[in-house]
Amino acid sequence: MTSADTIVSSLHTHRHTLAHGTMEGPYKYSRVRAAERSEPHLARIQTDSVVEKLKELYPHLALEIGGSCSGGAIGEKSLFTKELENALEKNEVDLVVHSLKDLPTTLPSGFTIGAVLKRENPHDAVVLHPKHLGRTLETLPESSVIGTSSLRRAAQLKKRFPQLLFKDIRGNLNTRLKKLDEKDDYAAIVLAAAGLRRMGWDDRIGQILRPEDCMYAVGQGALAVEVRARDADILEMVSVLHDPETVLRCIAERAFLRRLEGGCSVPVAVHTEVKNSQLYLTGAVFSLDGSDSLKDTMQTSVAADDKSSDAVDERVQRVGVTASGVPGGAQDGAERLGEDLANLLLSKGAKEILTVARQLNDAR
């Protein structure tokens, strides 16, 4: 899926007090511009959702969305992210909306993730060719071709469905769906359910993949707002968008990935949930063909402590996230959980699996 990054720039700001019934805010924006890549419709939809939330919380904000930012082609997400961060650094913009899964676990100096919004369904979805409607991956004919550009998805699904064939498919959501529908090259394609739902294409989802079939990418389904780390006022403004459970889950996932030194060039997958104040993290690494893998689960308490763990140091980043209002102890626990699980898999040989996967992928 293409990177869903969008920049929001603010001009002419001054302090204000909001009217009764609205939220206290650090600034009134007399003019705010949102600029985006010219091609991805999903980027605009995701930015609109963030802007609407800010309008609800700060009704005195005058927000414009328009203009575009040139970005790299498919596969060049890091170049596009760098362009946006250059704009942030130059004070040309104040906010950048990303798909969290596209952001590295270590951000450049001077930047932070100031908000992680409530997560959409993080699982992967199967979209079927019209002639296969009603089927699932289990019931498709043998040797059916499944399209995916994700090493993580391909590795897991090759192991789970050895009777199927997997082939790269490139392009944004619209392009991939057109390739599926207008040709007979693919029986189905696999995409993030979150993107399909945000585009309003729920009716195209033929199957949601369960964790035992295909675990998801780190941060998948969550939106992040990147800001300048030194900009306390903007940090305060966007911090109200944080969803505490999503923050803790994603901190654990990102810590897991960072310790593994993984990325999109290697198959790393996760699954997290919070139940009864316990955060559960399942993580796995795979060879490119899925034949070799390591997987395990750990848990930790994220219950708020009445003492030190309730303290929040807004200067502290955890895997690139500054989570104002989320108890510091819970964040620390989530970060340790990710690191501990990664260390467990590394002790069992995860580094060797990922090194070979990276070498083979680079050689393709």
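The values are calculated or read from the model by the stated rules, or taken from the named source; none is laboratory data. Values in this document were obtained by computation on a predicted structure and should not be read as measured data. Neighbour counts are summed over all protein chains in view; Cβ atoms, including those assigned to glycine, are modelled from backbone coordinates with ideal geometry. Heavy atoms of the whole protein, side chains included, go into the accessibility calculation; ligands, DNA and RNA do not. Shrake-Rupley method; radii C 1.70, N 1.55, O 1.52, S 1.80 Å.
How much accessible surface area, in Å² rounded to 10, belongs to the heavy atoms of residue 264 with a 1.4 Å probe?
About 130 Å², ignoring ligands and nucleic acids.
Give the shape of region 122-216 as rounded, prolate or oblate, defined through the alpha-carbon gyration tensor: a ≥ b ≥ c are the square roots of its eigenvalues, a/c under 1.5 means rounded, and otherwise the shape is prolate if a/b is larger than b/c and oblate if not.
Rounded shape, in that the Cα axes give a/c under 1.5.
Show the residues, 5+ positions off or on another chain, whose built amide H is closer than 5 Å to the amide H of residue 207.
Sorted by chain and number, the residues that satisfy this are 126.
Using only the alpha carbons of region 315-364, determine the length spanned along each of the three principal axes and report them from longest to shortest in whole angstroms.
Reported extents, whole Å, longest axis first: 45, 24, 12.
Sorting 205, 251 by accessible area (1.4 Å probe), largest first, what list results?
So, going from the largest accessible area down, we get 205, 251.
For the ranges 177-187, 221-231, 130-140, what's the packing order if you count other beta-carbon atoms within 10 Å of each residue, average per peptide, and put the highest first?
Those peptides, ordered most packed to least, come out 221-231, 177-187, 130-140.
Residue by residue through region 126-137, what is 3J(HN,Hα) from phi via Karplus (6.51 cos²θ - 1.76 cosθ + 1.60, θ = phi - 60°)? Round to whole Hz and write x for glycine and proline.
9, 10, 9, 4, x, 6, 10, 3, x, 8, 10, 4
For every other residue with a beta carbon closer than 11 angstrom to the beta carbon of residue 350, add +1 if it is Lys or Arg and -1 if Asp or Glu, then tell me the sum.
Result for the neighbourhood of residue 350: 0.
Give me the net charge of residue 196's neighbourhood, meaning all other residues with Cβ under 11 Å from the Cβ of residue 196; Lys, Arg count +1, Asp, Glu -1.
Surrounding charge for residue 196 is 0.
Given a cut-off of 26 Å, name the pairs among 158/183; 167/348; 82/178; 167/275; 101/179; 55/178 whose C-alpha atoms lie farther apart than that in the structure shown.
167/348; 82/178; 167/275; 55/178
Starting from the amide H of residue 192, placed 1.01 Å from N in the peptide plane, find each other amide H under 5 Å away whose residue is 5 or more places distant or on another chain.
Answer set, sorted by chain and number: 125.
Any idea how far the Cα center of region 166-193 sits from the one of region 104-121, in Å?
Using only Cα atoms to place each centre, the spacing works out to 29 Å.
Using a 1.4 Å probe and counting only protein heavy atoms, arrange 56, 85, 120, 352 so the residue with the most accessible area comes first.
56, 352, 120, 85
Tell me whether region 214-364 comes out rounded, prolate or oblate; compute the Cα gyration tensor, take square roots of the eigenvalues as a ≥ b ≥ c, and use a/c under 1.5 as the rounded threshold.
prolate
Going by the alpha-carbon gyration tensor, a ≥ b ≥ c the square roots of its eigenvalues, is region 169-256 rounded (a/c under 1.5) or, if a/c is not under 1.5, prolate (a/b greater than b/c) versus oblate?
Because a/c hits 1.5 or more and a/b exceeds b/c, region 169-256 counts as prolate.
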